[in-house]
1. Tell me which residues, restricted to segment 29-50, are free of Cβ contacts under 8 Å to residues at least 12 places away in the same chain and either surrounded by 17 or more Cβ atoms within 10 Å (Cβ to Cβ) or among the hydroxyl-bearing types (Ser, Thr, Tyr) (or both).
2. If I ask for residues that are over 17 Å from the mean Cα position of the chain (by Cα) and among the hydroxyl-bearing types (Ser, Thr, Tyr), which ones from segment 80-97 would you list?
3. What is the one condition in (1) closer than 22 Å to Gln239 by Cβ; (2) in contact with a Leu (Cβ under 9 Å, 6 or more places away or on another chain); (3) touching a residue at least 24 places away in the same chain (Cβ under 8 Å); (4) not acidic (Asp, Glu) that Leu78 does not satisfy?
4. Are any of the residues in segment 81-104 of a type in the set (Ser, Thr, Tyr) and buried (at least 17 other Cβ atoms within 10 Å of the Cβ)?
5. Would you check which residues across segment 89-113 are without any contact (Cβ under 8 Å) to a residue 12 or more places away in the chain and more than 12 Å from Lys211 (Cα to Cα) and list them?
6. Restricting attention to segment 120-130, does a residue exist that is in contact (Cβ under 8 Å) with a residue 60 or more places away in the chain and among the charged types (D, E, K, R)?
7. Any idea which of Ala230, Ala225 is part of a helix (DSSP H, G or I), in contact with a strand residue (DSSP E or B) (Cβ under 7 Å, 6 or more places away or on another chain) and crowded, with 17+ Cβ neighbours inside 10 Å?
8. When the residues of segment 54-75 are filtered to those that are of a type in the set (A, V, I, L, M, F, W, C) and surrounded by fewer than 24 Cβ atoms within 10 Å (Cβ to Cβ), which remaining residue is nearest to Phe90 (Cα to Cα)?
Amino acid sequence: MESISKFFYRNTETISFAIGIILLPLILGSGFYLNVMIFIAIYSITAIGLCLLTGYTGQLSIAHAAFFGIGAYSSGILTSRFGLPSSLVFFISIVWVGIVAYLIGIVVLRFKSHYLAIVTLSVAIIVEVIIKELSSITGGAQGLSGIPYFSLGRIVFDSEMKLYYLCWSILLCILIFSLNLVNSKIGRALKATKEGEEIARIMGINTPKYKNSIFVLSSIYAALAGSLYAHYVTFITPQVAGLPFAFEIILMIAFGGFTKIFIRSSRH
């Protein structure tokens with residue numbers, strides 16, 4: 001009982017926010033504003049991941065649009081061209097991006113500051129070019145259409161109301177997890193890494209391990225958001241992995257606060 005009480009106390013704002021999100025469709029109804037809220041949820045998932053990496057760990061990445069695109073195209077191709085169930089594809093996309101991000105992170109996270117930004121910028125450009133060139137699989141510049149709605153068993157999320165609750169449920173779970181992560185021992189290690197890697201190493205923190213782990217986690221967030229996006233709009237183009245979207249994600253966390261995942265997040 002005590003642990004449950006602590007959980008509710010530590011997540012009071014988040015729970016209040018969740019209640020508001022549940023009731024919001026009753027006010028908005030279906031239509032334009034509900035559509036906007038779905039996109040807000042999808043983009044927020046990506047932004048939270050980049051906030052963990054950049055805001056709390058101090059690693060500026062411009063590659064997250066690429067992971068968003070990989071997640072979107074993985075889900076789109078496997079469901080529309082191979083007929084795999086979207087719930088299975090959802091899991092496959094996340095695992096696939098996690099592996100790719102881990103391998104990329106081993107290389108790119110050796111760089112720091114603007115050098116890291118330049119290297120990850122290259123990753124974003126390469127992914128977009130690959131998507132365009134593999135036109136027989138991805139549809140190339142014309143895009144990939146015919147992506148089915150997300151389904152979970154017999155439940156098909158084929159309406160804005162259903163997709164709204166799906167996307168926001170996932171976002172709220174990620175939000176609670178991320179808030180507790182940054183206030184844990186791992187979060188303190190990430191903040192120490194941001195303040196100074198050499199000092200963090202002296203304190204016994206394995207900075208390469210933490211940087212790569214959070215890079216993979218934030219990339220998985222982006223892939224998850226990309227999968228949701230693909231199954232919502234049912235049509236994707238290489239622009240989902242393009243540089244304009246990469247900079248839009250950075251602007252999201254810049255306007256919201258690099259270390260402001262949520263209301264009670266604090267700057268350190």
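Nothing in this text is a laboratory measurement; each read-out follows from the coordinates by a stated rule. What you see is a predicted model, and the numbers here were worked out from it, not measured in a lab. Note that we place each Cβ from the backbone using ideal geometry, even for glycine, and neighbour counts take in every protein chain shown.
1. Of everything in segment 29-50, just one residue is free of Cβ contacts under 8 Å to residues at least 12 places away in the same chain and either surrounded by 17 or more Cβ atoms within 10 Å (Cβ to Cβ) or among the hydroxyl-bearing types (Ser, Thr, Tyr) (or both), namely Tyr33.
2. The initial filter retains those residues of segment 80-97 that are over 17 Å from the mean Cα position of the chain (by Cα), namely 80-88.
Within segment 80-97, Ser80, Ser86, Ser87 qualify.
3. Result: Leu78 passes all but (3).
4. So in segment 81-104, the residues of a type in the set (Ser, Thr, Tyr) come out as 86-87, 93, 102.
Then keep just the ones that are buried (at least 17 other Cβ atoms within 10 Å of the Cβ); that gives 86, 93.
Scanning segment 81-104 turns up at least one residue that is of a type in the set (Ser, Thr, Tyr) and buried (at least 17 other Cβ atoms within 10 Å of the Cβ).
5. Those that are without any contact (Cβ under 8 Å) to a residue 12 or more places away in the chain and more than 12 Å from Lys211 (Cα to Cα): Phe91, Val95, Ile99, Leu103.
6. There is at least one residue in segment 120-130 that is in contact (Cβ under 8 Å) with a residue 60 or more places away in the chain and among the charged types (D, E, K, R).
7. Numbers: Ala225 fails: in contact with a strand residue (DSSP E or B) (Cβ under 7 Å, 6 or more places away or on another chain).
Answer to the selection: Ala230.
8. Residues of segment 54-75 of a type in the set (A, V, I, L, M, F, W, C): 60, 62-63, 65-68, 70, 72.
Right, trim to surrounded by fewer than 24 Cβ atoms within 10 Å (Cβ to Cβ) and you get 60, 62.
Working: Leu60: 27, Ile62: 23 Å.
Among them, the one singled out is Ile62.
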